[in-house]
Structures are given as C-alpha cells and as structure tokens.
Amino acid sequence: MAASPFLRRAEAAAAALRALPAETVQGRVAAASALSLEVTGLQGFLGCGARVEVEGAAGPVAAEIVALSGQAARAMPFGALEGVRLGAPVRLRGTATLSPGAGWLGRVVDPLGRPMDGRGPLPPGPAALPVRRAAPEAGLRARLGPRLALGVRALDGFCTMRRGQRLGLFAASGVGKSTLLSMLARGADCDAAVLCLVGERGRELREFLEDDLGAEGLARSVVVCATSDAPPLMRREAAYAAMTVAEALAAEGRQVLLMMDSLTRFALACREIGLAAGEPPATRGYTPGVFAELPRLLERAGPCAEGVGGAITGLFTVLVEGDDHDEPVADAVRGILDGHVVLDRRIGERGRWPAIDVLRSLSRTVPGCLAPAERAVMERARRILALQADMAELVRLGAYRAGTDPAVDEALRLGPRIEAFLAQRKEEPTLPVEGAFARLEAALAAA
C-alpha cells in the first residue's frame with residue numbers, strides 16, 4: 001500500500017534534518033600564558049573537567065577546563081601551546097573516555113590512549129569508559145581476596161599482601177624502585193599488570209621495557225607512560241588513564257596488578273595545575289586540591305563490586321624528598337593505603353637488593369592471611385633483625401663479648417642468614433608464598 005502524503009512529508013523532513021551539519025559549540029582564546037589559556041564564549045556549556053580543542057599553528061591541541069569564572073574559563077593543554085594565537089577558535093569536545101580491553105595487553109600507550117610503541121592502532125575494548133569516575137560504593141564492594149604471591153621473598157615473607165590490597169613503596173631516588181616494579185610485573189601471581197610511569201625520563205622507557213620488564217613481563221602488561229617533559233595535565237592524566245585500564249580489565253573478571261611510579265610526580269603535576277588555576281599554595285607549596293585528588297584516585301583501586309570477580313591490587317611508589325618519610329605527600333598517602341614498604345638507601349649501599357627495610361615496612365592485612373606457624377616465623381625473624389640492629393654499634397666498637405647474652409648471640413648468628421633470605425636478584429625464579437616461608441624457616445633453623 002502506498003504511503004500516505006503525511007508519512008512521505010515526515011520522511012522527507014527527517015532526511016533533511018539528518019543532512020543538516022551538526023552544531024558546533026565554539027569559543028575563542030582571550031588570553032594565554034606559559035601553562036594555560038583563558039577561553040570566552042563557552043561559559044554556558046562548560047564544566048570543570050570538560051575537554052576542549054584549541055586551534056594551533058600545527059593543528060588542534062587538546063585541553064581541559066580547570067577553572068571557571070564569570071567572564072572566562074581557564075584551560076590547560078595536553079600539548080605545546082606554540083602557535084596558539086589570540087582569538088583562535090576553541091571547540092567543545094565533551095568528557096574524556098578510553099576504550100581499553102584485553103587487546104591492549106603487551107602495548108605501550110600515552111595518557112590519551114594513543115600507541116607509543118609503533119605497532120599500529122589499539123583495538124577498542126567492549127565499552128568507552130570515563131577516565132574520571134567515582135570509586136565503587138563502599139557498601140557494595142567485595143572484601144579482600146586470598147593472599148597474593150608477589151614473587152619477591154622480602155615482601156611475601158614480611159609484608160604479605162591480599163588480592164585487592166593497596167600498598168605504598170616509599171623510597172628516595174636511585175634506591176631500586178623501578179627494578180623492584182619489574183620483578184613484581186614478571187613474578188606476581190596475577191592475570192594482567194598495568195604499569196603507570198608518571199614523569200619518567202624519556203630515555204629510560206625502552207631500557208625499562210626491554211631490560212627490566214622483558215618480553216615475558218610486557219606480554220601480560222599494559223604500560224601507560226607520560227615522560228618528564230610532558231605538560232602537567234598529561235602527567236596527571238597518566239594516573240587516571242592507568243586506573244581506567246585496570247578497571248576495564250578487572251571488570252572482565254581478571255586479577256589485575258596496578259603499579260604506579262610515582263604518586264609524588266602525580267601530586268607535583270596536580271600542584272602545577274592547581275597553582276595555574278588560582279589555588280593558593282598551602283603545605284610546602286602543595287595546593288589543597290592535591291590532597292583531595294589523592295584519595296579520589298587511590299580509592300578506585302581495590303576489590304570490584306560484589307559478584308564481579310576481579311580486583312585491582314595496587315602498588316604505588318612515593319618518591320620521598322631528602323629521605324623525609326613525613327613529608328606531606330608521603331604522610332597523606334600512608335593514611336590512605338593498606339600498608340607501606342620502605343626502601344632504604346643504606347641497605348642498598350651495603351649491597352643487599354632489593355633494599356627493603358622490613359622493620360619499617362608494614363602490611364595491614366598480615367593478621368588475616370598468615371597461618372599461625374607462618375606468623376610465628378615472621379615475628380621471630382623480625383625480633384632477630386631488630387636485636388641485631390640494636391647491637392650493631394656495640395659489636396662494631398668491640399664492646400660486646402660473645403656469650404654475654406644468648407639472645408644477642410642468636411641474633412648475631414642468624415641475622416646474616418635472614419639478610420641472605422631477603423637478598424634476591426631480579427632474574428631469580430620466584431617462589432609461592434608457602435615456599436618463601438619455608439625458606440625463611442630454614443634460615444632460622446639452628447646452625
């Protein structure tokens with residue numbers, strides 16, 4: 001039956017509407033500085049965190065709105081501002097999303113989801129996920145899972161972790177954080193690893209991938225990298241992008257190990273953004289927004305919602321300034337995470353790697369994941385190391401005579417054996433947690 005005149009007119013009108021060009025919301029650059037732009041004409045369409053695109057001499061530059069006022073919006077770019085002129089058009093691009101999936105494993109990407117390894121485009125995942133999102137509701141999250149073998153004896157024996165736990169690695173520069181992360185990426189009992197390198201030296205990326213991580217570690221990893229010369233917005237975005245990738249993999253039921261190096265550089269990027277947006281400097285120059293961003297990021301790691309099956313186990317490095325473990329970022333992070341591991345330069349200088357100070361390190365979930373016999377072995381080893389450290393100065397001065405105190409004699413005899421247990425080369429084969437405790441127990445056996 002022939003269509004009615006009304007239906008024909010309706011179809012023609014619909015076709016004409018579809019042929020119309022999409023409306024573009026556009027503003028202009030009103031002012032520019034080294035780190036940010038002032039944009040006018042978009043005030044009624046923008047919110048903080050919205051993405052825009054600025055026309056530059058070499059093409060469009062992505063930017064994000066970081067502050068709003070009555071007259072203009074302040075935007076910070078993800079790239080260089082060279083060639084951006086006054087009056088340049090600024091187009092609204094909505095909110096940031098990524099589409100990660102299993103096809104990203106083995107790849108190196110930048111914070112905007114673009115490949116950095118020269119291996120062609122990334123296959124899209126099942127869904128586009130917002131990069132900035134809230135943590136799962138506390139009342140609906142699953143509990144921590146069983147203990148997780150990390151493949152590093154010092155951590156498995158003294159700072160045992162559970163699936164979904166978040167642990168901080170606190171160290172000054174040059175104390176072996178990157179090597180320790182590569183050991184964890186290769187040896188941890190997980191389905192996938194996500195490595196986030198924030199503010200790393202550009203020349204070290206390939207060395208880390210090829211020498212430290214290796215082909216085996218890279219094959220089950222996604223590496224998100226923003227080098228030290230990247231704009232502050234790009235360095236901050238690296239952390240959120242890596243968290244989004246980890247969430248996508250965990251939502252598919254995988255056990256994900258997320259390693260971020262470092263939270264300090266993430267905080268420094270947030271400080272630069274806050275200062276450019278007009279926030280006042282507070283504690284040691286950090287703006288108040290930095291200490292609001294840290295929990296918003298870190299709380300996204302952990303167990304997924306009940307019934308999903310996956311979890312994000314997080315290891316976050318903190319670069320302590322001048323070996324000051326009470327500086328503001330370290331202090332704030334320690335209160336959010338579920339434990340801390342301290343790497344000590346003096347231990348590394350003595351030749352023991354990884355340079356983990358087990359006496360100053362703590363996992364808050366240890367009581368719930370150790371058998372009574374394992375806990376007794378760990379506590380005895382701690383007591384021996386503590387007593388050895390207390391008596392070290394007297395022994396060096398020759399002020400202690402063997403046989404004076406049986407407990408000290410035992411500590412001096414067994415301390416070096418525990419130190420040998422803690423030392424581990426990065427190429428050594430890994431042990432399950434039970435194997436690490438069996439080796440520690442053997443080290444404590446009477447000579």
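Side notes on the structure shown:
- Listed by first and then second residue, the pairs linking a residue in region 75-102 that is closer than 28 Å to residue 127 by Cβ to a residue that is of a type in the set (Phe, Trp, Tyr), with Cβ atoms under 8 Å apart and 6 or more places separating them unless they lie on different chains, are 92/45.
Residues are listed down the side, and each one gets a yes or a no for (1) assigned by the TED database to the domain that holds residue 315; (2) among the charged types (D, E, K, R); (3) out of contact with any His (no Cβ under 9 Å at 6 or more places or on another chain):
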residue: 339; (1), (2), (3): yes, no, yes
residue: 357; (1), (2), (3): yes, yes, yes
residue: 360; (1), (2), (3): yes, yes, no
residue: 381; (1), (2), (3): no, no, yes
residue: 404; (1), (2), (3): no, no, yes
residue: 409; (1), (2), (3): no, yes, yes
residue: 413; (1), (2), (3): no, yes, yes
residue: 418; (1), (2), (3): no, no, yes
residue: 434; (1), (2), (3): no, yes, yes
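- Applying the criterion of at least 1 residues that are of a type in the set (Ser, Thr, Tyr) to the helices (runs of 4 or more DSSP H) found wholly in region 150-264 leaves 177-187, 232-251.
- Residues of region 358-392 that turn out to be open to solvent by 60 Å² or more (accessible area, probe 1.4 Å) and outside any helix (DSSP H, G or I), as a count: 2
- Take the conditions (1) touching a residue at least 24 places away in the same chain (Cβ under 8 Å); (2) open to solvent by 30 Å² or more (accessible area, probe 1.4 Å); (3) over 24 Å from residue 181 (Cα atoms); (4) in contact with a helix residue (DSSP H, G or I) (Cβ under 9 Å, 6 or more places away or on another chain); residue 278 misses just one of them, which is (4).
- Among the candidates 324, 344, residue that is in contact (Cβ under 8 Å) with a residue 12 or more places away in the chain and touching a helix residue (DSSP H, G or I) at 6+ places or on another chain (Cβ under 9 Å): 344
- Listed by first and then second residue, the pairs linking a residue in region 386-408 that is at pLDDT below 95 to a residue that is exposed (fewer than 10 other Cβ atoms within 10 Å of the Cβ) and outside any helix (DSSP H, G or I), with Cβ atoms under 6 Å apart and 6 or more places separating them unless they lie on different chains, form an empty list.
- Residue within region 64-87 that is open to solvent by 70 Å² or more (accessible area, probe 1.4 Å), in contact with a Pro (Cβ under 7 Å, 6 or more places away or on another chain) and not in a helix (DSSP H, G or I) present: no
- Selection from region 302-357 of residues that are exposed (fewer than 15 other Cβ atoms within 10 Å of the Cβ) and part of a loop (DSSP other than H, G, I, E, B): 306, 307, 324, 326, 350, 351
- Candidate set: region 21-63, residues that are in contact with a helix residue (DSSP H, G or I) (Cβ under 6 Å, 6 or more places away or on another chain) and closer than 26 Å to residue 235 by Cβ; chosen: the one surrounded by the fewest Cβ atoms within 10 Å (Cβ to Cβ): 35
- Matching residues, region 88-107, being touching a Pro at 6+ places or on another chain (Cβ under 9 Å) and under 30 Å from residue 253 (Cα atoms): 95, 96, 97, 98, 99, 100, 101, 102, 103, 104, 107
- Checking each residue in region 118-131 for being part of a loop (DSSP other than H, G, I, E, B) and buried (at least 16 other Cβ atoms within 10 Å of the Cβ) picks out 122, 125, 131.
- Scanning region 422-441 for residues that are under 14 Å from residue 380 (Cα atoms) and either open to solvent by less than 40 Å² (accessible area, probe 1.4 Å) or at pLDDT below 95 (or both) yields 437, 440.
- Region 341-366, residues that are more than 18 Å from residue 178 (Cβ to Cβ) and touching a Gly at 6+ places or on another chain (Cβ under 6 Å): 362, 363, 364
- Total residues in region 190-226, condition more than 15 Å from residue 106 (Cα to Cα) and either among the hydroxyl-bearing types (Ser, Thr, Tyr) or touching a helix residue (DSSP H, G or I) at 6+ places or on another chain (Cβ under 6 Å) (or both): 3
- Taking the conditions (1) part of a strand (DSSP E or B); (2) buried (at least 16 other Cβ atoms within 10 Å of the Cβ) in turn, residue 91 satisfies each one other than (2).
- Members of region 283-295 found to be farther than 21 Å from residue 68 by Cα, surrounded by fewer than 15 Cβ atoms within 10 Å (Cβ to Cβ) and of a type outside the set (Val, Ile, Thr), listed by number: 284, 285, 295
- Of all residues in region 76-131, those being of a type outside the set (A, V, I, L, M, F, W, C) and farther than 18 Å from residue 244 by Cα number 14.
- Considering the conditions (1) touching a Pro at 6+ places or on another chain (Cβ under 9 Å); (2) under 22 Å from residue 261 (Cβ atoms), residue 150 is excluded by exactly one of them, (1).
The values are calculated or read from the model by the stated rules, or taken from the named source; none is laboratory data. Since this is a predicted model, take the numbers as computed values, not measurements. We place every Cβ from the backbone using ideal geometry, glycine too, and count neighbours over all the protein chains shown. Heads up: the accessible areas ignore ligands, DNA and RNA and are worked out on the full protein's heavy atoms, side chains in. Shrake-Rupley method; radii C 1.70, N 1.55, O 1.52, S 1.80 Å.
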